Amino acid sequence: MSTRNAVVRGLGGALPRRVITNEDLSVTLDTSDEWIRRRTGIVERRHADESESTSALATTAARRALDSAGVDSADLLILATSTPDQICPATAPKVAANLGLDGIAAYDISAVCSGYIYALATASWAIGSGAVGSALVVGADTFTRLLDPADRTTSVIFGDGAGAAFLSAGSADEPGAILASTLHADGTGETLIQVPRGAGSFFEMQGKEVFERAVSAMSDSVNTVLARVGWATEDVDSLVAHQANRRILNTVASVTGIPESKAEVHLDRVGNTSAASIPLAMTDAAVKGHRTPGDKAVLTAFGGGTTWGAAAMTWPSISVLDPH
Ligand code: UT7
């Protein structure tokens with residue numbers, strides 16, 4: 001029996017103009033380029049200005065994903081973000097309207113750094129079920145607006161940005177097919193990554209515990225989707241793990257047995273861009289051109305909630321614009 005799968009046909013990214021280097025942060029914070037590089041692998045990140053709202057970045061990334069796919073519309077737009085333009089209404093309808101797609105289904109998903117995996121999985125269910133024919137899956141966050149400028153543990157990691165994919169119905173043997181996904185949440189860890197209730201609160205993260213949970217949750221969910229599609233770890237050509245810390249990427253690779261050289265590394269240039277991290281890392285890998293259509297790829301993330309998940313797919317056959 002032939003199956004109906006969601007297939008990635010286009011990718012796009014968008015980054016704020018302003019580059020903040022480790023040296024820039026060292027001027028106001030008790031930190032150093034040497035510490036940040038050694039403990040996180042991050043060299044620079046981008047900070048959004050007033051005009052670079054979450055919706056503006058999401059719109060640019062989504063438009064680039066449509067262009068990359070050579071299409072001009074989609075049936076559904078899902079925006080993964082935990083930094084919407086405003087609490088009410090959702091930001092996805094505005095992004096759809098900016099694209100001239102008013103009238104389509106458009107909604108936000110809030111799962112912090114796992115948001116993109118949540119959005120991608122739900123879009124692939126919608127396409128796989130036949131409910132829609134195509135979807136734009138966008139991840140966009142501007143967390144730097146919520147950081148405590150005096151908190152060196154969060155300020156060195158986070159950056160702003162957006163990434164997007166266009167998917168449409170196809171078959172499992174096409175390059176870019178989403179083949180399996182797994183999603184999880186455990187709200188008992190809600191205070192590990194949070195913006196506490198109350199006006200003017202800053203973003204807070206318990207870095208050490210998050211590090212440990214991220215490694216085990218991402219490794220477990222990678223193993224789950226690999227088992228589902230019947231791939232051995234040595235078959236994996238590309239590990240697209242949420243870009244929070246280079247040491248987390250390396251540890252997930254070593255725990256799962258996927259060679260470190262297969263891990264996509266984009267955090268050096270953008271830091272942790274939350275829901276944008278996975279599509280931006282995929283866009284960057286496509287720009288670098290070091291993966292081949294049909295390669296076996298595993299995507300995974302862990303974030304606030306706590307939430308985590310993974311997806312297995314084949315590398316799409318696409319051309320992309322460099323967002324840097
Ligand atoms: O996106 C959602 C998922 N998020 C993540 O996955 C983030 C996970 N966590 C991390 O990446 C790391 O825990 C951090 C990068 C946030 C912190 O790195 P760490 O290696 O876990 O540092 P630590 O908290 O164990 O601190 C080690 C030392 C401490 O000093 P003492 O007590 O040993 O004297 C910290 O005060 O490093 C110090 N430190 C810093 N020093 C210079 C912490 N941050 C900094 C800094 N610059 N920016």
> W125 label point, 7 Å along Cα→Cβ, cut-off 18 Å on backbone N: hits in the stretch 63-106?
Replying inline: 76-81, 105-106
> For the stretch 148-267, what is Rg from Cα atoms divided by 2.2 N^0.38 Å, rounded to two decimals?
Replying inline: 1.25
> Using the Cα atoms of the chain to build a convex hull, what is its mean projected area in square nanometres?
Replying inline: 15.1
> When the chain is modelled as a GNM with alpha-carbon springs shorter than 10 Å, which of V222, V195, V236 fluctuates the most?
Replying inline: V195
> Which of the listed residues, G200, T233, V255, is farthest toward the dipole's positive end in the chain, when Lys, Arg count +1 and Asp, Glu count -1 at the beta-carbon?
Replying inline: T233
> Along the three principal axes, how long is the stretch 201-313 when you take its alpha carbons, biggest first, rounded to the nearest angstrom?
Replying inline: 45, 29, 19
>> Expected output is a single nm value to one decimal: the length gained when fully extending between Q86 and H290, i.e. 0.36 nm times separation in residues minus the C-alpha distance. What is it?
In response: 69.6 nm
>> Quick check: pseudo-label points 7 Å beyond the Cα along Cα→Cβ at S254 and R4, how many nm apart are they?
In response: 4.6
> Quick one: if the Förster radius is 30 Å, what FRET efficiency do D67 and V229 give, using the C-beta to C-beta distance and rounding to 0.05?
Replying inline: 0.50
> Which percent, nearest 5, of DSSP beta bridges in the chain are antiparallel?
Replying inline: 70
> For the stretch 51-63, what does the Karplus curve 6.51 cos²θ - 1.76 cosθ + 1.60, with θ = phi - 60°, yield as ³J(HN,Hα) per residue in whole Hz, taken in order and with x for Gly and Pro?
Replying inline: 6, 8, 6, 4, 5, 5, 5, 4, 5, 5, 4, 5, 4
> Once the Cβ-Cβ distance between T28 and D322 is put in as r, and R0 is 25 Å, what FRET efficiency do you end up with, to the nearest 0.05?
Replying inline: 0.25
> Dividing the alpha-carbon Rg of the stretch 1-160 by 2.2 N^0.38 Å yields what?
Replying inline: 1.17
>> Please check: in the Gaussian network model of the chain (C-alpha springs, under 10 Å), which one of H47, H266, H184 has the largest mean-square fluctuation.
In response: H184
>> Compute for the stretch 138-205: radius of gyration divided by Kirkwood radius, i.e. Rg/Rh, restricted to C-alpha atoms, rounded to two decimals.
In response: 1.13
> Rounded if a/c is under 1.5, else prolate if a/b is larger than b/c, else oblate: which is the stretch 235-289, with a ≥ b ≥ c the root eigenvalues of its Cα gyration tensor?
Replying inline: oblate
> How far, in nm, would the chain grow between E212 and D49 when pulled straight, counting 0.36 nm per residue and subtracting the alpha carbon separation?
Replying inline: 55.4 nm
> What's the extension gain from V195 to R17 if we count 0.36 nm per residue and subtract their Cα-Cα distance?
Replying inline: 61.5 nm
> Sequence-distant or interchain residues sharing an amide H contact under 5 Å with L179, placed H: which?
Replying inline: A312, M313, T314
> In whole percent, how big is the carbon plus sulfur part of the accessible area of the chain, probe 1.4 Å, protein atoms only?
Replying inline: 50
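The values are calculated or read from the model by the stated rules, or taken from the named source; none is laboratory data. All of these numbers come straight from a predicted model, not from anything done at the bench. Note that each Cβ is placed from the backbone with ideal geometry, even for glycine, and that neighbours are counted across all protein chains shown. These area figures cover heavy atoms from the full protein model, side chains too; ligands, DNA and RNA do not enter into them. Shrake-Rupley method; radii C 1.70, N 1.55, O 1.52, S 1.80 Å.
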